[in-house]
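Read the structure below first, then the notes.
The values are calculated or read from the model by the stated rules, or taken from the named source; none is laboratory data. Bear in mind that the values here come from a model prediction, so they are computed numbers and not experimental data. All Cβ positions, glycine included, derive from the backbone under ideal geometry; neighbour counts span all protein chains shown. Ligands, DNA and RNA are stripped out before the accessible areas are found, and what is left, the full protein with its side chains, is counted by its heavy atoms. Shrake-Rupley method; radii C 1.70, N 1.55, O 1.52, S 1.80 Å.
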Amino acid sequence: MDTIEIQAYLKERLSPSIETGEALSLVRILAEHIEANQSDEWRTLADQCLERLIRREPVQYITGQTWFYDLKLNVNPFVLIPRPETEELVDWVVQDYRKGLIHSDPEILDVGTGSGCIALAIKKQIHSAHVEAIDVSPDALAVAMYNAVANEVMIEFRLYDILIEDLDRTFDIIVSNPPYVSQEELDNLSPEVRDYEPVIALAPETGGPLIFYERLVELGKTHLNTGGLIYMELSEFRASEIESLFIAAGYSTELRKDMQGKMRMLKAGESR
């Protein structure tokens, strides 16, 4: 078998309901996955992959891998699939560090680490940082720890429910891509997200879609070092509302658009 043969087989059988541009990308990813398995029964594996794809399962879960900020990460249904806008959040932190806006040896906390993508990417770029990553899900932490070992990145991982437990030390940077979808909005998500990605990482179980941002406001007051910053991803539909939470608490803030022009990131600075 070779890549050309596998791609031709996949193209022939791929559901016509999938858009052409997307189909070509999926064919390439699946062909690489199938070839890497080096199986004589590659057609059987290809058929299994296509069946899962037609059921709208994300290709990243089918292959078990994805790329994020030049890191190859393992992913499964216990963790969200890392997205390009989250890369932009990481890049904001990295660029601020390079501009000297962040302490030279920063203590960084990643709240709700999932696959570990944010924590690992930041540590890979800011070698002097001490990065701690927390999550309420032991299954997600297992994925994150695997990714840390696979990418040779030293991170401190802890099982932690940030909504009911308090932190035991302070940080220069808190970064988070928390659950922010409302329970009502879950039904309107695409099948790839709604039916396969972990609900616990998408929507807060209680307290509404702002509960994690309200908690971040509190943490910044008690667990940020002088000059500390909070970086977070958010819903474009609640960007102003979330910013207002921080402004009301006395923070300086900056909203930022992603590459698609959507207001998807917020930085909150030291209280005035």
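Assorted remarks:
- Pairs, first without any contact (Cβ under 8 Å) to a residue 60 or more places away in the chain and closer than 22 Å to residue 195 by Cβ in the range 80-95, second open to solvent by less than 10 Å² (accessible area, probe 1.4 Å) and part of a helix (DSSP H, G or I), C-beta under 7 Å, six or more apart: none
- Any hit, the range 74-88, residues being acidic (Asp, Glu), modelled with pLDDT of 90 or more and more than 23 Å from residue 152 (Cβ to Cβ): yes
- The set of residues from the range 97-132 being in contact with a Leu (Cβ under 7 Å, 6 or more places away or on another chain), of a type in the set (Gly, Ala, Ser) and assigned to a helix (DSSP H, G or I) comprises just one member, 121.
- Whichever residue in the range 33-70 is under 27 Å from the mean Cα position of the chain (by Cα) and in contact (Cβ under 8 Å) with a residue 40 or more places away in the chain and, among such residues, is most open to solvent (accessible area, probe 1.4 Å): 70
- Hey, residue 178 open to solvent by less than 40 Å² (accessible area, probe 1.4 Å) and more than 30 Å from residue 252 (Cα to Cα) or not: no
- Test: residue in the range 92-109 that is under 13 Å from the mean Cα position of the chain (by Cα) and buried (at least 18 other Cβ atoms within 10 Å of the Cβ): no
- Exactly one residue out of 152, 243, 254 is crowded, with 17+ Cβ neighbours inside 10 Å, without any contact (Cβ under 8 Å) to a residue 40 or more places away in the chain and either in contact with a strand residue (DSSP E or B) (Cβ under 7 Å, 6 or more places away or on another chain) or part of a loop (DSSP other than H, G, I, E, B) (or both), and it is 243.
- The residue of the range 205-231 that is farthest from the chain's Cα centre (by Cα), among those that are over 16 Å from residue 167 (Cβ atoms) and open to solvent by less than 10 Å² (accessible area, probe 1.4 Å), is 213.
- Any chance residue 133 is touching a residue at least 40 places away in the same chain (Cβ under 8 Å) and open to solvent by less than 40 Å² (accessible area, probe 1.4 Å): no
- Some residue of the range 163-176 being in a loop (DSSP other than H, G, I, E, B), at pLDDT 95 or above, of a type in the set (S, T, N, Q) and in contact with a strand residue (DSSP E or B) (Cβ under 9 Å, 6 or more places away or on another chain): yes
- Out of 193, 94, 143, 181, one residue alone is outside any strand (DSSP E or B), on the phi < 0 side of the Ramachandran plot and touching a Gly at 6+ places or on another chain (Cβ under 8 Å). It is 143.
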